[in-house]
Structure formats: C-alpha cells, structure tokens
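Heads up, the thing below is written out as structure tokens.
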2 protein chains.
Amino acid sequence: MATMHDVARLARVSVSTVSYVLTGTRPISQATRDKVLAAMAELDYQPNAMARGLASRRSRIVGLLMPMDERGLGATETAFVTGAAAAASAAGYHLVLSPVGVGDVDDLRRLASQRMLDGAVLMEVQVSDARVGALQEAGVPLVLIGRTGDTSDLSYVDIDFDQTVREAVAHLVGLGHRRIVYVNHSAATIEAGYGPAVRTREAFVAAMAGHGLEPLMIPAEDSAAGGRAALAAALARTPDLTAVLVMNESAIFGILGELTTRGLRVPDDVSVVSMVTSPQVAELATPALTAMTSPGSALGRMAVEALLRHLEGAGEQHQQLLPCALEIRGSTGPASTAPAGTDDLTDHIPAARTGRHRIDPTGSGPPGT
Amino acid sequence: MATMHDVARLARVSVSTVSYVLTGTRPISQATRDKVLAAMAELDYQPNAMARGLASRRSRIVGLLMPMDERGLGATETAFVTGAAAAASAAGYHLVLSPVGVGDVDDLRRLASQRMLDGAVLMEVQVSDARVGALQEAGVPLVLIGRTGDTSDLSYVDIDFDQTVREAVAHLVGLGHRRIVYVNHSAATIEAGYGPAVRTREAFVAAMAGHGLEPLMIPAEDSAAGGRAALAAALARTPDLTAVLVMNESAIFGILGELTTRGLRVPDDVSVVSMVTSPQVAELATPALTAMTSPGSALGRMAVEALLRHLEGAGEQHQQLLPCALEIRGSTGPASTAPAGTDDLTDHIPAARTGRHRIDPTGSGPPGT
C-alpha cells in the first residue's frame, strides 16, 4: 500500500505539500497540486477518507434516510436498499443507512449540519413530509424515492402507480372479472397521506371507471390478521366478488389463509393479484401469486445515480416513474360465474374455462351467492 | 445553529484556534483545547464531520459489511440491519452499509485503507472467511455476527444453535414425534461452510441422539421450489415422517405448499417448526408457524454496542450467544400415529389429541403409511 512518502517522492515535493493538497489547510499552486494528484493516481494511493473529504469538501458518503421500526423491512422494501448500496459502491461512494422517520426532523437537521453527507436519498416519503424542507434548507442535495404532494422543485424516482393499477385491473377485466375488490393499507395509513396508498386508490377508481365498473375498496391493517379481517369484511359487503387486488404485502397471506378457511379456491373461486411485490414473496404462496413486480432494486439504483449526477454538477432535475411489471403466476384465472353448487353448468362455459371449474365438491362458494 | 465564530467568542479565542482544535493541524495546549470543547458543547456546535474525524482520528462511522445479491434480504435477515442501525444512531454513530461478499477481499482492503470506518461489523460469516484476516491486518476493530471456525482472538455475537435445535427437537419429541426430518439449506451451502447450516446440522444429530432417535436430514435449495422438492424427497425416503424442522425460510412456504398439494394437513398429519424465523414471517402461514424466533434485532444491536465499547477502549473480547425463543403457534401438534383411513381409532387416542384428529375425509395420509 502506497504511503504519503511514496507520493511525495514520485511528485518530487515535500511530504507536507502532499498533506496540504489533501487537507486544503494551505493554498498550493495548481501545477504542484496536479503533480501530486497524478502521483497519487499512479500509485493508487488511498488517502485518509476524512482528509480527502475535508480537502475536496466531499465525503463521498451519501445517506439513505428511512424510518425503521421494530418490524424491520420486508423483502420487497429491502430491494430498494440493496439496489442503492450497490449503485453507491459501484461509483466509489459509501451509503450510510440512517433511521430517520417523519417525526425526526431535529435529528435530520443535526445530521445535515455535520456536513458528513454529500447528499441524501429519502425513502418512505409522505405526501406532506417535513424532512424534505429540512434537507433543502440545509442545502443537502436530495433525491426522493416516492413523491410529496408538490414535486415542482424536487428530484424523485417512484413507481408509476397509475400504469401499474391500470395494467392489473386490465388483466383481471380481461379474465372476465367485474366485481374486483381493492385491498389497500389501513385507513390510518391512507389518512396520513402515504403516497403509494393514496395514489393507487385514486388510480383504482379511475381504472375501474374506465371499464364502467364500480370501484370496491377496503382498507387492511399491515398484518396477516388484518388481511383476514379485510377479506371477511369484503365478502360480507360484496358477496359476489370474484377477484381481489391487494396493495398490502403484510396482509396478503392472511387473505389467502382466510380464503382457504372459507373453502374458497384460488383462482377457481377468487383470483388474487398482489401489487408491488417481489418475485421472492410471490413465490411463497401456493399457488404462486400473480403480481405486479416491484422495480425496487432498479429504483434504489436510479435514485443514487441521479443523486451522484447532482453531486457531479451535471444533474438536472430528475423525475422518473417506473411501472411494476405484470407477472402472471397461478393465482389468477377466469372469473367464476357459476353460483355455488352448480358444477353441472361447467358444460356451458367456454372451453378455455374447463380446466378451471371448481373442484371443491362441497361447492362452498362465496357466502351469499 | 451555532457557528465557529460563536464558539470562538464564547471560548475567548480566535476562530483559527477553534479550527486548529477541530482539524488537529497545529498543536493546541490542553487548557485552550478544553475551553474550546466546553464552548462547543454549551452551544451544541456541530463541527464539520470530516474535520472532527480528522482531528479525533475518529470518523464516528462504523461499517456493516455483508454480501448483497439480487435476491435482497428477507425480513429475518433485515432485522440484524435495523437493530445495528438503531444502536449506532442511538450512540451518535453512523452506520455505513457496505456490500462486501466473501470474494471481495481486495475491495475490503481498499475500504480499510481509507480509514473511513472506525470499526466494522461483519455479517454472513463463513467458517473460513478471508474477510476477517483482511480487516485484522488492516487494524480495523471488528465484531462478527456469526462465527468462523477458529474464534480464539475474535469478538462475535451469534445465535446459540445448539440450544435452539435442542429446544425445537424437545418440543417435537414432547408431542410424541419420533420420525423428524431436518430440512437444511442446500448441499452446496453446507459444503461452503455456512455456519448456521453446519452448526444446526451437528446440533440436530446430537439432539436426536440424546432422545435415542435417528437424525433424518435433507438439504433444500433456498426457494419455494426447493422446499417442494425437498419435502417430496423426504417423503419418498421417510414415508412415516410426522414432523419437519426447517432451517430454510426461503423453502418453508414451498414445503407447506407441497403438503397441501398432497392432502397432508398441518399439524394433523405433519407438524412443522421453522428455525430462526421472525414473527412476521411465521404469521404469514396458515396455520401460523411454530418457530424458533430469531433474535436478529437484538444481535444487530449487541454487535454494534460491543464494537463501540472496543472503540472507546473499554471493550474486552466479547463472545456472546443468544438462543432463538420457541414460540408455539398452530403448525405443531401431537404426532399422528393413526395410519391413513383409520379415523375410527380416534377414540383410542388420549383426550389431548381429540381436537386434532385428521379431518380430511379422503384419509390421504403420508404415502406409504
């Protein structure tokens, strides 16, 4: 490993000159500076990160700021983090993971004032989010994963929820579904203005209206129990539902469990689509879930890359949406039109459906049908 | 926000003296230094992190070094990260997340030579792991989450796999199970010396021997398909199995799916215990999984706290094991002794079992029984 002495010898300057170039504590002529930097490059000299950071006014550290609770992150959320860490690492930057929730604005101001972060990527953005203003006031270059309500002067990457919901609804409508229930996050989450919950709700209403269908919606707590309760409530209110579109990865296994408990088969009785889901999570279910696959890793990478372009001075405002991709697995099929206990109607159903008629001999369809 | 000028005024020194105290570029008497530091504390002055880092030879940055692949992390693994980030943040440190796999020793040497990290926590440790030696040679204080083969001069925190496996086996044996199959990670993972796979395998052999039982074991790829294949292979080899103990969170939903496909009920026909699992993952299944709950968040926190004690000079070698806690949910019950199609034997089974007799009217028990 090359030392400061090696650099000084090659550049034919004193060791203190090398030190001044690094720390910026004394003015050094451009010619001398260039000689020293060339010697450093030739020797692959790794200066002390703090000295280099002080000299260049760049720490080469970017922050990934996100709330972290005891629950931890799901596999789908974690893909954002690993994508961001890989992009930072590939560009020779370091990614600091800072637990900064919506209420931690004072912590954020203190963090910004230390000038440790060259810039920040902010995750789990709320429609109204005080952290954005705090970082802007502190002059910290910023890219959001997600969007606030007013994004006119912000850079962000986010999921294209409009297109994602439109495609998911089109997939179900194409299979003959008309009574589709949208299972969202909790009512409290929607009221708090959590972007994905709010935006998909609006997109669902619009997409269903486009097909002349009623937008049936129900909130669910982020848990298996929440999913069970939501499905029970949905069936009580909409006994003729044939599909659920689920924007709640923590609830979806509860929904599947409740369907099993009630003797309802997926996809013969009820089709299920999971929104913003990773293939790993989709593959956990039996049958594997048809899902709108989250571009989490790509968005994490794109956010860091946009931030680094800002830091290099080349970055203009960057606003980019990426839709989730529809991946059809086993949990969606043609809409069941046969009322419970009428398996003999199978003959009247088009050929494409014959492989999918209900095979539950008890004929326990949705309650009320 | 206090400035360097405010500090200089309060300490009655020049601004350059404050700067010298921060950067360490000129020697300053202890008395003056103390005055300046007291003024900084009184004003809650936040110095430039790089300057403070250079002066104190401390960056207040610790690294969490872990391999990251496209798959991302599961909820259970992520708890280590969030626990570590919270502990660092609480102590006024920053946690850098560095993707450093077993093969990235050169990257690691470069990272260490930059002196950006005060210390490091290394995750996903292999029994033989070149990263440990590289960090030790570079003089980076180090705490492992996991263990290498020789830990004589290392600090680590890890799961107590012996006790965890012993408790899981005791739970199943207590329910009358004798034919218990251990589903591990893949054969390649075991051969590569991945600690949790190797240690639990040894612990399972010992625990079963302690009960005078045969240690039935099968590897599984880390996927739902891997779980399905492993269960099929286990049933082919051990048709009279009544319980599976699963050390593979990526495979367990495939195992549950394959049981459902074969008409085998959990826990009536086969009991299932998931090893080193978070409650969130356990609650996804129907019935919810009896699990040995991972102490991930606690271990992440303990690793960072042990590292910070090293950095403060107070830390002695720290070696600590924490067992997973048995949490009984719906996936375990008394061993099924009745061969398939013999529901009328229910009357002869002790009262404790009557709520658990098989309710599958087709009587499709494990093949071969």
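The values are calculated or read from the model by the stated rules, or taken from the named source; none is laboratory data. Everything numeric here is computed off the predicted structure, so don't read it as measured data. Note that each Cβ is placed from the backbone with ideal geometry, even for glycine, and that neighbours are counted across all protein chains shown.
Here are the numbers for this structure:
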{"item": "Cross-chain or 6+ apart pairs with Cβ under 6 Å, region A:38-50 first and more than 15 Å from A:H94 (Cα to Cα) and more than 7 Å from chain B (Cβ to nearest Cβ), then crowded, with 16+ Cβ neighbours inside 10 Å and among the charged types (D, E, K, R)", "result": "A:L43/A:D6"}
{"item": "Scope region B:92-103; condition in contact with a strand residue (DSSP E or B) (Cβ under 9 Å, 6 or more places away or on another chain), within 23 Å of B:H310 (Cβ to Cβ) and not aromatic (F, W, Y); matching residues", "result": "B:H94, B:L95, B:V96, B:L97, B:S98, B:V100"}
{"item": "Count of region A:83-94 residues which are touching a helix residue (DSSP H, G or I) at 6+ places or on another chain (Cβ under 7 Å), surrounded by fewer than 24 Cβ atoms within 10 Å (Cβ to Cβ) and within 7 Å of chain B (Cβ to nearest Cβ)", "result": "1"}
{"item": "Flag if B:R166 is at pLDDT 90 or above, closer than 20 Å to B:V96 by Cβ and charged (D, E, K, R)", "result": "no"}
{"item": "Among (1) touching a Ser or Thr at 6+ places or on another chain (Cβ under 8 Å); (2) surrounded by 24 or more Cβ atoms within 10 Å (Cβ to Cβ); (3) closer than 22 Å to A:V143 by Cα - the single one A:V157 does not satisfy", "result": "(1)"}
{"item": "Selected residue (only one of B:D129, B:D118, B:D107 is within 14 Å of chain A (Cβ to nearest Cβ) and either among the basic types (K, R) or buried (at least 20 other Cβ atoms within 10 Å of the Cβ) (or both))", "result": "B:D118"}
{"item": "Flag for B:I159 being under 27 Å from B:R329 (Cα atoms) and more than 14 Å from chain A (Cβ to nearest Cβ)", "result": "yes"}
{"item": "Enumeration of residues in region A:28-49 that are of a type outside the set (G, A, S), under 27 Å from B:R58 (Cα atoms) and assigned to a helix (DSSP H, G or I)", "result": "A:R33, A:V36, A:L37, A:M40, A:L43"}
{"item": "Residues satisfying the stated conditions in region A:316-331, i.e. buried (at least 20 other Cβ atoms within 10 Å of the Cβ) and either touching a helix residue (DSSP H, G or I) at 6+ places or on another chain (Cβ under 7 Å) or among the charged types (D, E, K, R) (or both)", "result": "A:C324"}
{"item": "Helices (runs of 4 or more DSSP H) contained in region B:225-318 and holding at least 2 residues touching a residue at least 40 places away in the same chain (Cβ under 8 Å), in the same structural domain as B:L95 (by TED's automatic domain parsing) and farther than 28 Å from A:R329 by Cβ", "result": "B:296-311"}
{"item": "Every residue from region B:53-68 that is facing another protein chain (nearest Cβ under 8 Å) and at pLDDT below 75", "result": "B:G53, B:L54, B:M68"}
{"item": "Residue tally, condition more than 10 Å from chain B (Cβ to nearest Cβ) and crowded, with 23+ Cβ neighbours inside 10 Å, over region A:95-104", "result": "0"}
{"item": "Filter result (surrounded by fewer than 22 Cβ atoms within 10 Å (Cβ to Cβ) and more than 12 Å from chain A (Cβ to nearest Cβ)) within region B:265-299", "result": "B:D268, B:T293"}
{"item": "Selection status of A:L216, within 28 Å of A:L64 (Cβ to Cβ) and either free of Cβ contacts under 8 Å to residues at least 40 places away in the same chain or under 21 Å from the mean Cα position of the chain (by Cα) (or both)", "result": "no"}
